[in-house]
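Each reported figure results from applying straightforward, stated rules to the coordinates on display, with no laboratory input. Remember, it's a predicted structure, so these values are computed and weren't measured experimentally. Because the Cβ atoms are built from the backbone with ideal geometry, glycine has one as well, and the counts that use them run over all protein chains shown.
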């Protein structure tokens, strides 16, 4: 009996110790897989870790480890776009850590770091669902705990500033977004947190790209990519986001072949690591569709956009912003092919989703009104066209101020409609405002300048104001980008016509004298 008792004592003593060793090793394996971007393998290892932890006596340290593992599973599921399961595991993590915390302050202090991580993960979840106020609420809860424990000059606060910056960006508050993200950058540059710093540079690039400040966007993207490559190598899911951003920047600068190369590099990485129905793959197909649209291959573009749309429908609700993006891009394709009713249908779908998600005063809503205005203009419904373009202009002025390229575009579009209606005074005023906004903007100043000067030159020519017309066509010739040879050609023709008209006018005057 005594020997049996001794044997049982040994089992009771050694079994938890062996499990503890196993859980420690299992946690390391799972973390390594996650850092390598192997999310499926990391998920399996964390699920095994849950099984091991649930077999142990549920002491406070074990509950804390279990909560941390639930949190890690939630983060992985978020990366995999398994949103329902992600939310389930993050709530399990939150409930487990509440049990571990108890009511004692020393327990709260000891476990607050994991609780902060869970709150921020919930913020990330709500960002993925386009529910920005809920995301901000969780981020604020996390920041309150961080500042109470450590203040606002530490890497935990920096991570929170990053999340807040992303939310503000998505809400269209670009100035506040930059301020928050720069706080994160300044903190992280003095700490040893390379992946979070890489994320910070990427977030800054995203804001600058929205603001049409492409040089700054490209600079920050390259900083981000360099850090990710040092940490994880060039083929990692996080690096794919940066390749996408570099593609976006080059697309906006008109370098379509460079953009296409970046987009294909991103898609290649995602095909290595992600499930074939992952939303990030849908984003890659969308980017390829945009490139082929810009290159004039509308059939190929439509195939990519329809593929992206069908993927998104399979894992998003009907009012998700990614669906709005797909409808917008498909509408643009139909517009270019003069299928105006199909364009109108898709643009309206996009607008309705954006209004539900963003409310009235957001740049993407302004973009939708702009696109609808262009369709109504092409259909000859100038009243509706002006109404849409004025809505777009009003929102853009609220978001960007008077001196921005998007504001310039709205004035130019209004001027073009008034020009078609024969209302030359209104057209002239809006063309002038368009050029003034463009010249005063801090974005790529030559983008679209040639077309705006050309349009004003045509109107001035019709008004027989040859000096102004000549000046405009000369500027159109000078400021047109290398890829806009058509504007340069037509400007040169207009210059010759004006010089001939002025010569004929002077000849008639001499004959009368």
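Using the number of other C-beta atoms within 10 angstrom as an exposure proxy, rank 375, 99 with the fewest first.
In order of increasing Cβ crowding within 10 Å: 99, 375.
To check my understanding: the extent here is largest minus smallest coordinate of the Cα atoms along each principal axis. What are those three numbers for region 152-255, in Å, largest first?
Between the extreme Cα coordinates on each principal axis of region 152-255 lie 41, 33, 19 Å.
Would you please give the FRET efficiency between residue 98 and residue 25, computed as 1/(1 + (r/R0)^6) with r the Cβ-Cβ distance and R0 = 22 Å, to the nearest 0.05?
0.20
Percent relative contact order of the chain, based on C-alpha pairs within less than 8 angstrom and at least six residues apart?
With pairs under 8 Å counted, the relative contact order is 6 percent.
Identify which of the listed values of volume of the Cα convex hull per residue in Å³ was calculated from the structure shown: (1) 159; (2) 172; (3) 144.
(1)
Compute the distance from the alpha-carbon center of region 392-415 to that of region 253-287, in whole Å.
31 Å
For region 317-413, which semi-axes, largest first and in whole Å, follow from the square roots of 5 times the eigenvalues of its Cα gyration tensor? Before the final figure, lay out the partial values.
Details: eigenvalues 77, 64, 21 Å².
Equivalent ellipsoid of region 317-413: 20, 18, 10 Å, largest first.
With r defined as the distance between the Cβ atoms of residue 468 and residue 360 and R0 fixed at 35 Å, what FRET efficiency is calculated, to the nearest 0.05?
Calculated transfer efficiency: 0.40.
Do the sum for the chain: with -39,500 (n - 2.57) for every DSSP H run of n ≥ 4, divided by all residues, what is the mean residue ellipticity at 222 nm, to the nearest 500 deg cm²/dmol?
Rounded to the nearest 500, the figure is -28000 deg cm²/dmol.
Among 321, 225, which comes first, then next, by fewest other beta-carbon atoms within 10 Å? Could the numbers behind the result be given before it?
Working: 321 19, 225 22.
Neighbour counts put them in this order, fewest first: 321, 225.
Give the order of 120, 95 when sorted by the count of other beta carbons within 10 angstrom, beginning with the fewest.
95, 120
Please give the FRET efficiency for residue 131 paired with residue 40, using the beta carbon to beta carbon distance and R0 = 25 Å, rounded to the nearest 0.05.
0.40
Can you give me the Cα centroid spacing of region 43-72 and region 227-250 in angstrom?
32 Å
Can you give me the angle between helix 466-479 and the longest principal axis of the chain, using Cα atoms only, in degrees from 0 to 90, rounded to the nearest 10?
30 degrees
Tell me the angle of helix 155-170 to the major Cα principal axis of the chain, expressed in degrees between 0 and 90 and rounded to the nearest ten.
With both axes taken from Cα atoms, the answer is about 40 degrees.
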